1. Can you give me the number of residues within segment 4-31 that are surrounded by 20 or more Cβ atoms within 10 Å (Cβ to Cβ) and within 13 Å of V124 (Cβ to Cβ)?
2. Being over 12 Å from the mean Cα position of the chain (by Cα), of a type in the set (D, E) and part of a strand (DSSP E or B) is the filter here; which residues of segment 91-142 pass it?
3. With H106, H81 as the choices, which residue is in contact with a helix residue (DSSP H, G or I) (Cβ under 7 Å, 6 or more places away or on another chain) and on the phi < 0 side of the Ramachandran plot?
4. Of the residues that sit in segment 58-74 and are closer than 17 Å to N115 by Cα and more than 15 Å from the chain's Cα centre (by Cα), which one is surrounded by the fewest Cβ atoms within 10 Å (Cβ to Cβ)?
5. Can you confirm whether V120 is of a type outside the set (K, R), at negative phi and surrounded by fewer than 19 Cβ atoms within 10 Å (Cβ to Cβ)?
6. Does N85 satisfy the condition of being at pLDDT below 95 and either over 19 Å from L140 (Cβ atoms) or loosely packed, with under 14 Cβ neighbours inside 10 Å (or both)?
7. For V146, indicate whether it is of a type in the set (V, I, T), in a strand (DSSP E or B) and over 14 Å from F17 (Cα atoms).
Amino acid sequence: MSNDISLAELQEFIAEFWYHYDEAHFGELAERFADDVHYITRSDTGASPFEELLRADVRGRDETMAWMVDHRNASPYPLRHMAINVFRTGVDGDAAKARFYLLVCHTANSVPFVNSTAIVDVAVARRAERLQFTSMEVVLDTQESVPLSQAANSAAAG
């Protein structure tokens with residue numbers, strides 16, 4: 001694996017992105033997307049009760065930002081996205097690829113609650129003298145958890 005983007009740079013870039021998303025700093029977000037970014041978000045089942053709110057498959061900074069602004073404005077505040085377990089998965093041209101878990105919380109009655117969890121795959125390249133996402137795919141966890149042995153049996157039967 002070779003790329004001029006270190007893991008520390010990648011982790012900081014991802015953390016900054018989610019901070020700016022939570023605080024609705026839309027100008028900061030826009031700078032972090034490449035002109036040709038491909039952004040996908042969906043649930044793992046495709047059938048969650050809020051699928052319409054979370055589903056997107058958009059291309060380009062303008063289309064991605066339009067979706068992001070609409071989605072963020074429909075979401076609670078304060079909202080906290082935590083990117084955890086960030087690790088590199090490879091290189092695609094000039095882009096470093098990474099995967100991480102996303103943990104999302106909001107507060108109700110003075111108590112924080114977990115909204116959702118997800119697995120996120122990203123590609124990040126150094127463009128215009130800064131890091132930018134060239135792709136992001138967010139897959140939210142919505143399927144019911146079962147013992148691993150049961151899940152493995154279902155996967156083998158399907």
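The values are calculated or read from the model by the stated rules, or taken from the named source; none is laboratory data. The model shown is predicted, which means the values in this text are computed figures rather than measured ones. No Cβ is skipped: glycine too gets one built from the backbone with ideal geometry, and neighbour counts run over all protein chains shown.
1. Number of matching residues: 4.
2. Selection gives D92 alone.
3. So the residue among H106, H81 that is in contact with a helix residue (DSSP H, G or I) (Cβ under 7 Å, 6 or more places away or on another chain) and on the phi < 0 side of the Ramachandran plot is H81.
4. A74
5. It is false that V120 is of a type outside the set (K, R), at negative phi and surrounded by fewer than 19 Cβ atoms within 10 Å (Cβ to Cβ).
6. So N85 does not fit the description; no.
7. No: the conditions fail for V146.
The rows are residues; the columns are (1) under 18 Å from H25 (Cα atoms); (2) not β-branched (V, I, T).
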site: R42; (1), (2): no, yes
site: W67; (1), (2): yes, yes
site: P76; (1), (2): yes, yes
site: V86; (1), (2): no, no
site: G90; (1), (2): no, yes
site: A98; (1), (2): no, yes
